[in-house]
Amino acid sequence: MKAVLQALLDLQGVDRDLHQVQNELTRLPKERAQKRAEIEKLLTRLAELRAQSKQLRVRIKEYEDVATQGRQRARKLENDMSSARADMALQAHFQHEIKNVKRDIGQAEEQGIGLLEQVETIEKDCAALQAKIDGEEKVFAEFAANVEREIASAQARHDTLAAERKRRLAQSAVPPEAIATYTRLLAARDGMPLAQLDGRTCQACFIEIPTNLVVRVTRGVELVPCPSCDRILYIGS
């Protein structure tokens, strides 16, 4: 059983490194995706601002059309009023109509100017946001290139470690039931299925174990799990 424990310890040395590399291969793409998502949020906000600016410009055009039509209406009323100089009642009517039309023109122009000021503010925000996005895109391009290099390096290490793990498993004489226990704990304990016993203390979870378990570990005739973390206990050399 001591030989089995030693074989599992040797395998754990590879699996610990393999677990770390696998974590890197999971972490790196996530970090890249997160940074990309942050830029996408900025792009979405920029698109919203531009759409808002476009809608405001449509409304400004509507007010401009109202003002243009009003000026045309005012000119026609002024011409009609000139043709009706002899009729004082009609003159008064035209003057009243012209006054109302000019009031409407003024309101349309005032509302259009107010919207134009909003557009100018939004477009300044767009310019600032676009500059920020351009900067973030440059940073992301460099970051993504670094991530690609790190992924390639991690993948190479992974392949080397996986081959070494396969070789050690093929050369070991570990019973299938021991491999099954080891494999279960490998997934459950982040690549560390074994734990050294120092005195009565498990060096993985730092819990003191009963004396009878210490005796069983010392005898070395069976695989003894820690009653707390379930790792296979061994006594260091």
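If we keep just the residues of the stretch 41-68 that are within 28 Å of E142 (Cα to Cα) and free of Cβ contacts under 8 Å to residues at least 40 places away in the same chain, which is most open to solvent (accessible area, probe 1.4 Å)? It comes out as K41. A3 meets all of the listed conditions (1) at pLDDT 95 or above; (2) closer than 30 Å to M192 by Cβ but one, namely (1).
Among the residues of the stretch 26-40, is there at least one that is over 22 Å from S153 (Cα atoms), open to solvent by less than 80 Å² (accessible area, probe 1.4 Å) and of a type in the set (A, V, I, L, M, F, W, C)? Taking every residue of the stretch 26-40 in turn, at least one turns out to be over 22 Å from S153 (Cα atoms), open to solvent by less than 80 Å² (accessible area, probe 1.4 Å) and of a type in the set (A, V, I, L, M, F, W, C).
Please specify each residue of the stretch 198-237 satisfying the condition of being polar (S, T, N, Q) and part of a loop (DSSP other than H, G, I, E, B). Matches in the stretch 198-237: Q203, S228, S237.
Considering the stretch 69-95, and only residues there that are among the small types (G, A, S) and open to solvent by 80 Å² or more (accessible area, probe 1.4 Å), the residue that is farthest from the chain's Cα centre (by Cα) turns out to be A86.
The values are calculated or read from the model by the stated rules, or taken from the named source; none is laboratory data. Remember, it's a predicted structure, so these values are computed and weren't measured experimentally. Because the Cβ atoms are built from the backbone with ideal geometry, glycine has one as well, and the counts that use them run over all protein chains shown. What goes into the accessible areas is simple: the full protein's heavy atoms, side chains included, and nothing from ligands, DNA or RNA. Shrake-Rupley method; radii C 1.70, N 1.55, O 1.52, S 1.80 Å.
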